[in-house]
Every structure is written in structure tokens, then in C-alpha cells.
Amino acid sequence: MQINVDCIPKDLINEIINMFRNAYAIYVYGGSLDCSGGDIDIAVFMEEPPREIPMIGNNVDLQVFKRPRNTLFFVYVIKTGQLIYGNPLDIDINASIRNELEMVDEREFLFLNSDDEVVVCKSLKELMFLLAAIKCGIHGSSNWYKMVNCLSGLGINVPTEFKHCLNPPSIDVLRNVGKPVLIRIIQELRAIRQSYGL
């Protein structure tokens, strides 16, 4: 197990492994792998997830799943994350991209119409990551900073207001700064979707 202990304390990894001995895979992913993220992102895959996810520190984002689905989130976890326990999983990147492209209209609708600021924030953030994944590849878009860098190369300035969607600013602020970005990203994604025959 090669983990940068400057970013992720080894005793934290051991605690999580001990807590989830029944897991068939545990991954660390995101910015915590290269010390660019504030949180330590951990995904646990197990047949019998606990009813309540235990809290482990302030900066640990721990999520438990039965199995991965063909979505971009799970592509990032499995393809760019680091397996710390269990057996490696696989996922179909092309199927995941297609599935995400089919959700573009739904995410646009949520950004424009939801009355929940977390939903508004996540809808545009997911669209930004999707465009970055298609344009710069999975490894070139695997965390916030890589995604921002990728989209800036396309002339799209990513608003920092969308970085922390679990604690976002107001809906008015999100829509005000996000709408020009949404319009540009939707244009790009619709053109890409046509090339996929969707």
C-alpha cells in the first residue's frame, strides 16, 4: 500500500480498514492523494452497508456503497483512486460517459429550477466534471484543481463558489455566477452528445 502519509495519516487508514473488515474494496480518491484537497475522500464497497455511517474526523468524507454504478463518480474512485483494502474493481468508462451525457438535460433543469442550493451547486459541478473528463481525460480531471485547469484551457472560468457543494452559497449567488458557465458547458456537451448519437 503506497499512500502519501503527508496527506493521509496511516493510523486513519488502519482505523478505516479495521472498521470495514467485511468490505470487498476500499479506495482513497480525489485531492487527498496529491495533498491538493481539504478532505480525505474514502469509498467503501461492501455487501451489507451499515445503517449509519460512522463519523471519522472533521475532514474525512466517507461513503459506503454496495457496488459501483456506471457513473463518472465511480470512474474517478476506481480508475484514479488508490485501493487500500480488498480486491480492485473495474468499471466501463465509455458506458459511464454515455450515462452522464444522457443526464445533461436533467442537470440543467435542476440548476435552473431546484430550490435546494446543494442540488443547484452539484448539478453544475457534475456538468463541469463531465466536460473536463471528455476533453482532458479521466486522469486530467480527477480532482477540482485538475478540472479547473482543464476547463480554463477551453476558455471556461470555473467559479470557486461551486467547490464545496455540501456548504454552498445562496441559490441566487450560485445562479448569478454559474449561469454563463452553464450556457457554455451545455453548448459543448450537446455537441459532444450528438457525436455519441444521443
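The values are calculated or read from the model by the stated rules, or taken from the named source; none is laboratory data. Nothing here was measured: the structure is a model prediction, and the numbers come from that model. Here the Cβ positions follow ideal geometry from the backbone for every residue, glycine too, while neighbour counts run over all protein chains shown. When the accessible area is computed, the model is the full protein with side chains, heavy atoms only, and any ligands, DNA or RNA have been set aside. Shrake-Rupley method; radii C 1.70, N 1.55, O 1.52, S 1.80 Å.
Rolling a 1.4 angstrom probe over the protein heavy atoms, how many square angstrom per residue are accessible across region 93-196?
On the way: 5190 Å² over 104 residues.
Averaged over the residues of region 93-196, the accessible area is 50 Å².
In whole percent, how big is the carbon plus sulfur part of the accessible area of the chain, probe 1.4 Å, protein atoms only?
47 percent
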Cα extents of region 58-118 along the principal axes, largest first, in whole Å, come to 41, 35, 19
Under the rule of -39500 (n - 2.57) per DSSP H run of 4 or more residues, summed and divided by the residues of the chain, what mean residue ellipticity at 222 nm is obtained, to the nearest 500 deg cm²/dmol?
-14000 deg cm²/dmol
Could you work out the relative contact order of region 10-86, using alpha carbon pairs under 8 angstrom and six or more residues apart, expressed as a whole percent?
37 percent
Given H placed on each backbone N at 1.01 Å, which residues far from Asp41 in sequence or on other chains put an amide H within less than 5 Å of it?
Tyr29, Ser32, Asp61
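Relative contact order (percent) for the chain, with alpha-carbon contacts under 8 angstrom and 6 or more residues of separation? It would help to have the intermediate numbers written out before the result.
Working: 278 pairs, mean separation 32.7, N = 198.
17 percent.
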How big is region 115-196 along each principal axis, measuring the range of its Cα positions in Å and listing the largest first?
34, 24, 19
What range in the chain is the longest one free of GluC sites (Glu not before Pro) that are in a loop by DSSP and have at most 12 other Cβ atoms within 10 angstrom?
103-198
Enumerate the whole-percent occupancy of each 10 Å bin, from 0 to the last occupied one, for all C-alpha pair distances of region 88-148.
22, 45, 29, 4
Round to a whole angstrom and tell me the spacing of the C-alpha centers of region 121-184 and region 11-82.
23 Å
Alpha-carbon Debye profile of the chain, log10 I(q)/I(0) at 0.08, 0.09, 0.18 Å⁻¹:
-0.28, -0.35, -1.30
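Indicate the helices, whole DSSP H runs only, in the chain that combine a mean Kyte-Doolittle hydropathy of 1.0 or more with a Cα extent along their long axis of 18 angstrom or more. Intermediate values should be presented prior to the final figure.
On the way: long enough: 117-136 (28 Å, 1.31); 171-195 (34 Å, 0.24).
Helices passing the filter in the chain: 117-136.
Determine the alpha carbon to alpha carbon distance for each of Lys135/Lys179; Lys10/Lys135; Lys10/Lys125; Lys79/Lys179; Lys122/Lys146 and list only those over 29 Å.
Values: Lys135/Lys179 21 Å; Lys10/Lys135 35 Å; Lys10/Lys125 31 Å; Lys79/Lys179 31 Å; Lys122/Lys146 17 Å.
From Lys135/Lys179; Lys10/Lys135; Lys10/Lys125; Lys79/Lys179; Lys122/Lys146, over 29 Å: Lys10/Lys135; Lys10/Lys125; Lys79/Lys179.
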Ile93: net charge of surrounding residues, Cβ under 11 Å, Lys/Arg +1, Asp/Glu -1, itself excluded?
-1
DSSP bridge pairs, the chain: antiparallel proportion in percent, nearest 5:
60 percent
Percent antiparallel among DSSP beta bridges confined to region 10-86, rounded to 5, stands at 60 percent
Global size of region 28-97 as Cα Rg and Dmax, reported in angstrom:
12.4, 35
